[in-house]
Structures are given as C-alpha cells and as structure tokens.
Amino acid sequence: MSDAAAHPDIIADIEAKGSITADDVLALRQNIFQDGAVSRAEAEAIFHLDHCCEDKVPIWREFYVDSLTDYFVWKSDPVKYVSDEAAEFLIGQVTHDGKIDGVTELVLLVNIVHWSVSCPDALATLVLQAVKDSVLEPDTALYGHGRNAGVVTGADVLLVRRAIYAGGGGGGYTVTRQEADVILDLNNATSAADNHESWRDLFVQATANYLMFPRSAPVVESAEEYKRREDWLEERRGVGRLLLETGQNLARFNIAEGWRAMDLFGSKDAAAQKAKDDAAMREALARESIDEEEARWLLGRIAEDGVIHENERALLQFICDNSPNVHPLLKALFDETGM
C-alpha cells in the first residue's frame, strides 16, 4: 500500500519506527501538499500510518483532518460532492465493528459533512450514533472513554448540531426522520439526567424542524449537473464576468427577481421557472402543517415510557404555538396536557 503513495520513503520510515513525530508531520505536510492535491494513494497512506502508529504527536490530528478533508471534499470531482464510493472508503477506514474508532476520526467526519454540499446520509448518521454511544455507553464506545455516562454535555450538543444542520447531511439544513429518531432516542434515555442547558433547545428545534420545517429538504443537483454547469460557466463567462453580472442584476431587481432574470445557465423559459417557484412556495406553506403520519410518529415516540417529560412538553408547546395546522391526534394531546 505504501509503495503506491507518492512519498514511499517517508511513509516507510515512519511505519518502520511505529511512531509519528513533529518532524514527520512537517515532512508529510511539505511533500503531500507540495503539488496542491492529496491523491487517493496519499489518503490511503495517511489512514495506514494512523492505524499502524500508536505513538502520535498531538499535531498529527490537525494534519490528519486537514489532508483527508482536502481529499474527500476539496479534491473531489466535482468539488464538495462526496460520492457513495468515497463514503464507503471513508467509513471503512474510520470505523471498527460499525463504530467510529476515536475522536480524531469523529472530527474528520464532522468536518467532511460540514464542508460538503452533498454526501451520503450514512456519514451524518454515523456522527449522531457516535455521540449517542458516547453518552449512553462511554465505557464500551470507541469514542468517549472516561466521561460521565448518561449525561448530554455542551460538547455533545455542538456535535449533534453540526451533524444535523450541515449542508452535506441527510436533509441538508433540514432534519431527516432518521436523524430525528436518534435525537429522540438520546432524549428518552437521558430525560432524568442533568443535561447541558442547551440540549433542550436543540431537541425542540431539531424535532420541530423535522415535523414543521417550511419546505422539503433542499434538492441538491447531481454531481454531473453541477460539473456541467461549472464547465459551462468556465467556457462562456469566467468568474469575473459572472460576479459583475450578478451585481448588476441584483442592483436592478429585488433578489428573487434578480436571480430569475439572470438566466445563468441558458434557460429562457421564465414562465416555467415562475411556476416552479410558485409550486415550491405552496409546498413550503403546506409543510408547516403536521399530518397524520407525522403525528402518529411523534405520539409513538413520546408514549414509549408512558410519561411526558419536560423536554417533550416544551416540544409540544412549541408546536402548539407555531404550527398553523396540526392533525386531530395531536390536538387531543394538547387538550390533555392543558395547552
């Protein structure tokens, strides 16, 4: 494996001694980033060194995250699109028995999900599962040894927030059912604990986001379409002209009309675009309502232990105050709880 890397001598020397020093990190950084691109062979070499060297200086983590984020996000084709094949390779390298190996691997995953435009759902879910395992079973989790079991900390809240609201996550800036289920699992298991004060807000906002967010998860264009548009712009306009035309359009029109009028990619059918925008707005308004399927899901999750806990009551109150239309099943629960 190492012989496939661009710098076999450096890799072999580090592997032979079984440790990574500050000088090693400097040598790797100077050589791997010398050509401005991290290759697949170099990414494999970095993973290999991380696995085979027990003794690593603290700055190794920074290099590990920087270089591998560069490979998976910034050197992907097109940029910021993590393919299924790349995600499979990544998961295979950072997990053991289906769980994340350690905190460095977790930071890498969070970084990739955060910076990507699109990535497979499995990556964000893996981050959430790692936080859940760390909170509930720190002694057996591969990440989180020595922490106070069963308590959600401020650091946990930050990790969950970054995973579910990352642009490249399962629902983009919306919350998916799978993500909401993990959040409910974590809340139910820690309802009696002295959790960090920010957990309740995140629990309420994230769950309500899944149930009420006023639009479907953003539809991310395919990697092929994204690349086609990049090529089109490169060929016909160039970045400078594009920015100039953007400024001129936004100066003449309001923002929404400006973007419609720009006609960046050759679509001349303004009427069709307006119809599409109007349909999206109707969908957005309808999405604020909570339908029967969503109501049954929420009731089932709340009823799991037969008690409505404080965080769940806060969620119900938020829905009661903000949703313009909820299913009768939820209305009955509001009546029972005096809302």
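Across every pair of non-identical alpha carbons in region 1-116, the mean reciprocal distance, once inverted, gives a Kirkwood radius of 14.3 Å.
Per residue, the convex hull spanned by the alpha carbons of region 74-116 comes to 66 Å³. For a paramagnetic label modelled at 7 Å from the Cα of E137 toward its Cβ, which residues of region 79-105 fall within the zone defined by backbone nitrogen distances under 11 Å? Zone members listed by number: 99.
Could you work out how much longer the chain between D201 and H96 gets when fully extended? Use 0.36 nm per residue separation minus the Cα distance between them, nm to one decimal. Could the numbers behind the result be given before it?
On the way: separation 105, 0.36 × 105 = 37.80 nm, distance 3.25 nm.
My answer for the length gained is 34.6 nm.
Placing R0 at 22 angstrom, the Cβ-Cβ distance between Q34 and D9 gives a FRET efficiency of 0.95 after rounding to 0.05.
Spacing of the modelled spin labels on V307 and L26, each 7 Å from Cα toward Cβ, amounts to 5.8 nm.
Computed FRET efficiency, Cβ-Cβ of A314 and A149, R0 25 Å: what is it to the nearest 0.05? Can you show the working numbers first?
Details: r = 24 Å, r/R0 = 0.97.
After rounding to 0.05, the efficiency reads 0.55.
No value in this document is a laboratory result; all are computed from the given coordinates. Quick caveat, the model's predicted, so the values are computed rather than measured. A quick note on method: Cβ atoms are made from the backbone with ideal geometry, for glycine too, and the neighbour counts reach across all protein chains shown.
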